[in-house]
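The values are calculated or read from the model by the stated rules, or taken from the named source; none is laboratory data. These numbers come from a predicted model, not from an experiment. When we count neighbours, we look across all protein chains shown, and the Cβ atoms used for this are built from the backbone with ideal geometry, even at glycine.
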Amino acid sequence: MSFESIHNYYEQLVLDRISELSSDTLADESEDFLCDVACVALNQLPSRYVRHNVDMVFYMPIQERERIQQEIYTTVAKAIDYVKQHRDDKRPQTIPQ
């Protein structure tokens with residue numbers, strides 16, 4: 001049995017938004033920074049698992065799509081601010097070396 005088609009609907013939307021910003025306002029940021037932003041943003045959004053995005057979009061009213069898009073924009077912006085504020089924080093070591 002293969003579960004590869006199951007994914008969180010918000011993942012690609014968040015990654016697309018970060019990609020848009022990385023070609024402009026986040027062009028100087030590292031890949032680590034962008035990945036941290038994606039993780040912080042996704043952890044703030046609800047889980048919405050689907051097998052096929054097209055099914056989700058087909059049955060979703062336009063108002064819901066617009067609401068989700070705005071939610072993505074707002075959440076990614078907050079995640080960027082959060083990661084910028086904490087980028088110099090010391091991270092605790094979780095594995096003794």
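Of everything listed in (1) at pLDDT 95 or above; (2) loosely packed, with under 15 Cβ neighbours inside 10 Å, the single unmet condition for residue 38 is (2). Which condition breaks for residue 55 when tested against (1) more than 19 Å from residue 71 (Cβ to Cβ); (2) not in a helix (DSSP H, G or I)? Condition not satisfied by residue 55: (2). Of the residues making up segment 22-34, those that are surrounded by 13 or more Cβ atoms within 10 Å (Cβ to Cβ) and either among the aliphatic types (A, V, I, L, M) or part of a helix (DSSP H, G or I) (or both) are 22, 26, 33, 34. Within segment 40-66, being touching a helix residue (DSSP H, G or I) at 6+ places or on another chain (Cβ under 9 Å), among the hydrophobic types (A, V, I, L, M, F, W, C) and more than 12 Å from residue 8 (Cβ to Cβ) holds for 40, 57, 60.
Within segment 67-89, the set of residues being out of contact with any helix residue (DSSP H, G or I) (no Cβ under 6 Å at 6 or more places or on another chain), surrounded by 11 or more Cβ atoms within 10 Å (Cβ to Cβ) and either assigned to a helix (DSSP H, G or I) or small (Gly, Ala, Ser) (or both) comprises 67, 68, 69, 71, 73, 74, 77, 78, 81, 84, 86.
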